[in-house]
Amino acid sequence: MLLLLLFLLKTEDVSPLSSSDVNVAVSYFGYRDVRHLCYLSCENPTDNKIIANRFISHGIRTSVMMVENHAQDLDQTLKHSNIPIGVLISASCKQKMHILTKASKQNLFDAMHLWLVINNMKGNTSENLQVEKVLMHLNLSINSDIVMAYYRGDSYELNDIFNYGRIQGNDLEQMFLGTWDKQNGIRMLLNRFKYYDRWNFNNLTLRAVSVILERPKVFKPEMLTDPGYTAGVSAMTKIVAQLLSVLMEQHNFRFNYTIVGRWIGSPERNTTLAVTNSLYWGEQDISCTCARIFPKWLNWVDIFFPAVTTLETKFYYLIPEKGVGDYENRFLTPMSPSVWWCSCVVGIACIVILAIAAKIEKRQEPYSYAFFSVFATTCQQEYEDGVQAIQSTFSSQGRRVILLVVGLTSMLLYNYYTSSVVSWLLNAAVPTLHNLDALMSSDLELVFEDIGYTRGWLENPGFFYYSGFKNPKEDKLRDKKVVNAKRTVDLLQSVNTGIELVRTGGYAYHTEPYTAYQVISKTFDDTELCKLGSLQMMQPAPVYIMAQKESPYKEFFIWSLMRLQERGHIKASRDRVGGYSFECSGRTPRALALGQAAPSFAVLAEAALLAVVILTIEILWHR
């Protein structure tokens with residue numbers, strides 16, 4: 001009799017799942033195409049075996065965990081899974097509060113765990129209220145996948161349980177999904193992707209971190225979304241802010257912004273606050289900016305696909321006029337004032353010498369004769385003054401010599417020069433720096449924009465941020481042109497100051513094209529634009545929005561960004577923010593590098609030398 005009483009007392013703590021409860025679970029998990037199930041049981045082994053066999057017979061691999069003895073192993077059983085796992089538990093189980101609370105602390109209420117709670121307590125109002133109270137305090141979020149099956153006599157009512165953000169202070173949400181009965185089986189009202197049914201976030205406030213290089217005294221969200229240029233706000237930040245503003249309007253949520261000065265920061269505590277470490281510490285939910293990602297950083301944050309834009313950097317400089325190497329000393333610029341003044345000086349000298357010769361020859365109007373002779377030669381014409389009776393002792397040898405000087409020293413040389421210029425400008429490469437070796441060989445002093453990734457590159461030798469892979473030339477450039485270089489100005493400069501240094505001709509400034517052209521377009525004229533050169537430092541690299549590791553919003557934002565990409569929002573934001581890249585109009589002639597035209601001038605010199613040799617032979621032969 002005593003043993004029977006003890007057995008009855010023990011069985012009061014358990015309430016095994018009925019056959020209908022198991023049928024509901026089998027139908028639901030079959031509807032969700034679950035292939036792996038963990039049954040959290042507080043029943044006896046015999047019932048557990050029967051229930052597990054029911055699931056296995058329907059193609060659902062099932063494991064049973066006794067919550068009374070093995071609740072501490074819950075995270076080891078469910079946490080490390082790359083495929084969705086179904087989780088079944090009865091609301092009548094006495095250990096339910098402990099299990100649900102433990103699962104909440106271990107972040108097991110996510111998209112990878114499909115929970116089904118069978119509430120088969122008939123009319124037990126206090127127990128039902130207790131279950132509701134437990135659910136209200138669980139760490140649920142937008143990605144939670146919990147279904148409560150309420151017993152309604154001859155049927156079951158299925159409700160979706162979630163929260164748009166328990167940590168953010170939102171309330172528990174319940175949504176009617178469908179019903180199950182023995183005659184019709186499971187009937188679902190909501191038969192689509194869950195985020196369509198969780199469209200309205202009910203004014204949820206998410207914590208967002210963004211980057212402005214110089215923190216403003218008064219921050220306004222419009223600084224991030226304004227299509228125009230804002231000092232300190234990069235193009236990729238503006239693109240992300242515009243895309244997220246579209247989602248904020250569609251899904252009714254908002255941001256509480258935190259502004260920092262750097263994208264990447266050490267995950268150690270008490271270090272400089274940055275985007276990555278604030279997400280890593282759990283202080284922020286999402287980044288209202290994006291960054292280039294290296295494998296190491298994926299241990300700190302999660303990223304959202306697709307990439308919203310690309311990041312690239314360049315060195316900007318004026319093409320050097322002096323030096324050796326790939327940009328040798330430059331010759332006169334075609335059609336420039338210096339060329340015309342040189343021609344005028346040679347022409348005047350020829351007029352003076354020819355006037356003296358004509359005066360000695362006693363020509364009529366020697367000055368008019370000298371002027372019009374040179375002027376006619378300039379026009380590639382012949383000039384005769386009508387005087388034919390010239391004494392043989394005063395032949396026109398002086399005139400011939402002067403015309404020869406004019407032809408060789410002025411017109412012929414200039415014509416040949418201009419033809420060489422046209423030929424080389426149409427066929428030769430621009431006389432500019434083409435690689436890091438040329439930059440290191442130049443006399444240009446390197447100056448960098450004061451921005452987070454530049455500081456990281458400067459402070460961490462061996463960190464190949466610009467190449468993305470091990471590149472010894474980056475280290476060599478850092479050592480030669482930064483660490484061991486003689487400096488005349490500070491290494492880190494603002495954009496306005498850096499571009500002004502570029503205009504002096506002795507500096508190369510490193511920044512993003514978007515940032516550089518905001519200043520260049522306002523300060524450079526066409527002549528300076530034609531002299532402006534750039535060297536690609538970082539090839540266009542994809543950048544991604546970041547969030548907390550294992551963020552509950554990851555699936556939602558990836559889905560939302562894919563929708564924006566399909567509808568053209570991402571491309572539109574890139575075009576809206578990208579601005580216009582100002583280039584040389586082509587109306588201003590570009591100076592020719594002397595090294596490029598050296599072969600042409602060498603041939604000219606050889607021909608002139610050959611002509612002198614032939615002339616010498618003719619004179620000797622005549623004598």
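Specify whether the C-alpha gyration tensor of region 450-585 places it in the rounded, prolate or oblate class, a ≥ b ≥ c being the square roots of the eigenvalues: rounded for a/c under 1.5, otherwise prolate if a/b is larger than b/c and oblate if not.
Values: a/c = 2.64, a/b = 1.35, b/c = 1.95.
It is oblate, given that a/c is not under 1.5 and a/b is not larger than b/c.
Sort E43, E157, E550 by heavy-atom solvent-accessible area, probe 1.4 angstrom, most to least. All intermediate terms of the calculation are to be shown ahead of the outcome.
Values: E43 10, E157 50, E550 125 Å².
If we order E43, E157, E550 from most to least accessible, we get E550, E157, E43.
If you filter region 164-261 for chymotrypsin sites (Phe, Trp or Tyr not before Pro), then keep DSSP loop positions with at most 13 other Cβ within 10 Å, what is left? It would help to have the intermediate numbers written out before the result.
Numbers: sites: Y164, F176, W180, F193, Y195, Y196, W199, F201, F219, Y229, F253, F255, Y257; in loops: Y164, F193, W199, F201, F219, Y229.
The qualifying sites are F193, W199.
Estimate the FRET efficiency between M175 and F294 by the formula 1/(1 + (r/R0)^6), using the beta-carbon distance for r and 45 Å for R0, to the nearest 0.05.
Working: r = 41 Å, r/R0 = 0.90.
Step by step, r from the Cβ atoms, then E = 0.65.
Could you give each residue of region 105-117 its phi-based ³J(HN,Hα) in whole Hz, using Karplus coefficients 6.51, -1.76, 1.60 with θ = phi - 60°, and x for Gly or Pro?
5, 8, 6, 9, 9, 9, 5, 8, 10, 9, 8, 10, 9
Could you pull out the trypsin sites (Lys or Arg not before Pro) across region 431-512 that fall in loop regions by DSSP (anything but H, G, I, E, B) with no more than 14 other Cβ atoms inside 10 Å?
Details: sites: R455, K470, K473, K476, R478, K480, K481, K486, R487, R503; in loops: K470, K486, R487.
Loop-located and lightly packed - K470, K486, R487.
Kindly write out, for region 162-167 in residue order, the coupling ³J(HN,Hα) from the Karplus curve 6.51 cos²θ - 1.76 cosθ + 1.60 (θ = phi - 60°), rounded to whole Hz, with x marking Gly and Pro.
Once θ is set to phi - 60°, the couplings for region 162-167 become 7, 8, 5, x, 5, 5 Hz.
Work out how much length W199 to H622 would gain on full extension: take 0.36 nm times their residue separation and subtract the Cα-Cα distance, in nm to one decimal.
Working: separation 423, 0.36 × 423 = 152.28 nm, distance 10.44 nm.
Going from the current span to full extension adds 141.8 nm.
Residue by residue through region 280-289, which ³J(HN,Hα) values in whole Hz follow from phi under the Karplus form 6.51 cos²θ - 1.76 cosθ + 1.60 (θ = phi - 60°), with glycine and proline marked x?
5, 7, x, 7, 10, 9, 8, 9, 8, 6
Heavy atoms only, probe 1.4 angstrom, no DNA, RNA or ligands counted: give me S560, S441 ranked by accessible area, highest first. Intermediate values should be presented prior to the final figure.
Details: S560 0, S441 85 Å².
Reading off the accessible areas and sorting them downward yields S441, S560.
Distance in nm between label sites at T488 and K571, each 7 Å beyond Cα in the beta-carbon direction?
4.7 nm
May I ask you to list the aspartates and glutamates whose Cα is less than 20 Å away from that of K220, ignoring any residue fewer than eight positions away on the same chain?
E249, D285
Run the numbers for K102 and E528: contour at 0.36 nm per residue of separation, minus the present Cα-Cα distance, in nm. Please list the in-between numbers first.
On the way: separation 426, 0.36 × 426 = 153.36 nm, distance 6.71 nm.
That pair, K102 and E528, stretches by 146.6 nm at full extension.
Calculate, in nm to one decimal, what M136 and R254 gain on full extension: separation in residues at 0.36 nm each, minus their alpha carbon distance. Numbers along the way, then the final one.
Details: separation 118, 0.36 × 118 = 42.48 nm, distance 2.26 nm.
Value of the extension gain: 40.2 nm.
Could you work out the Kirkwood radius for region 72-121, taking every pair of different alpha carbons, averaging 1/r and inverting it, reported in Å?
On the way: mean 1/r = 0.0878 Å⁻¹.
Taking the inverse mean of 1/r over all distinct Cα pairs, region 72-121 comes out at 11.4 Å.
What residues qualify as long-range amide H neighbours of C288, i.e. H under 5 Å apart, gap of 5 or more or another chain, H built at 1.01 Å from N?
Under 5 Å from the amide H of C288 lie the amide H atoms of V209, S210, each far enough along the sequence or on another chain.
Counting only residues 5 or more places away or on other chains, whose amide H sits under 5 Å from the amide H of L204 once H atoms are built in the peptide plane?
Long-range HN contacts for L204: R254.
Simple spin-label model, 7 Å along Cα-to-Cβ: L189 to E606 in nm?
With each label point 7 Å from Cα toward Cβ, the separation is 9.3 nm.
Give me the dipole magnitude in Debye, nearest 20, for region 158-225 about the Cα centre, with unit charges on the beta carbon: positive for Lys and Arg, negative for Asp and Glu.
On the way: 10 positive and 7 negative charges, 31 e Å.
Charge dipole, region 158-225, about its Cα centre: 140 debye, nearest 20.
So which chymotrypsin sites (Phe, Trp or Tyr not before Pro) in region 434-486 are both in a DSSP loop and have at most 10 other Cβ atoms within 10 Å of their Cβ? Before the final figure, lay out the partial values.
Numbers: sites: F448, Y453, W457, F463, F464, Y465, Y466, F469; in loops: F463, F464, Y465, Y466, F469.
Here the sparse-neighbourhood loop sites are F469.
Protein chains only, probe 1.4 Å: how do D437, D475 rank by accessible area, largest first? Each step should come with its number before you reach the end.
Numbers: D437 65, D475 40 Å².
Heavy-atom accessible area, descending, gives D437, D475.
How high is the FRET efficiency from I50 to V246, r the C-beta distance, R0 45 Å, rounded to 0.05? Present the calculation step by step, with values, prior to reporting the outcome.
Details: r = 53 Å, r/R0 = 1.17.
The calculated FRET efficiency here is 0.30.
With labels modelled as points extended 7 Å from the Cα through the Cβ direction, what inter-label distance (nm, one decimal) is found for C342 paired with H434?
Going from the C342 label point to the H434 one covers 2.6 nm.
Amide H of R32 versus every other amide H placed in the peptide plane: which residues, excluding those fewer than 5 positions away on the same chain, fall under 5 Å?
Residues meeting the amide H criterion: none.
The values are calculated or read from the model by the stated rules, or taken from the named source; none is laboratory data. None of the values given here were measured: they were computed from a predicted structure. Neighbour counts are summed over all protein chains in view; Cβ atoms, including those assigned to glycine, are modelled from backbone coordinates with ideal geometry. For the accessible areas, the whole protein counts, side chains as well, though only heavy atoms, and no ligand, DNA or RNA atoms are used. Shrake-Rupley method; radii C 1.70, N 1.55, O 1.52, S 1.80 Å.
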